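First up is the structure itself, then whatever we jot down about it.
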């Protein structure tokens, strides 16, 4: 959605707007608040509202959004997630094995999937990031994961605004 596309989002009934927005961030509360915050009128205002809404969510709501993602490198990913994670699937079989291994280690350590804004990154880059983040304490890692989710949401909103 360009400015005209954002106008379409602004004009949707609340339930339809929530559905569109939920496709950008897996927190039902975020989607509800964003739908209620309309009209946006511009991409900048949409992004600003998204960032402010994300930062205002309680941890439980943020964790819901994180849990809504497929694993990095999961061949079962579809839709937006599959597009975003294309780099994870472009590596060698060995890269895929190592990334799956790092994902399992991350899940064992932090109790949730490894989340990274994967757009434009290779499997090796994501593997290196996952391994490095395994060294973080739980609070630091949650803050990093939340920021990655914010970045993913922004990319998805930009695509939504562009009509993709």
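Pairing residues of region 60-73 that are on the phi > 0 side of the Ramachandran plot with residues that are crowded, with 21+ Cβ neighbours inside 10 Å and modelled with pLDDT under 95, at Cβ distances under 8 Å and at least 6 apart in sequence or on separate chains, gives 73/85; 73/88; 73/99; 73/123; 73/126.
Listed by position, the helices (runs of 4 or more DSSP H) enclosed by region 32-142 that each have at least 1 residues that are modelled with pLDDT under 90 are 79-84, 86-89, 93-110, 123-133. Starting from residues that are free of Cβ contacts under 8 Å to residues at least 60 places away in the same chain and assigned to a loop (DSSP other than H, G, I, E, B), keep the ones in region 19-31 and report whichever is farthest from residue 54 (Cα to Cα). Checked region 19-31; the qualifying residue farthest from residue 54 (Cα to Cα) is 26. On the stretch given as region 143-164, residues that are assigned to a helix (DSSP H, G or I) and in contact (Cβ under 8 Å) with a residue 40 or more places away in the chain total 14.
The values are calculated or read from the model by the stated rules, or taken from the named source; none is laboratory data. Keep in mind that this is a model prediction, so the values were computed, not measured. Virtual Cβ from ideal backbone geometry, glycine too; neighbours counted across all protein chains shown.
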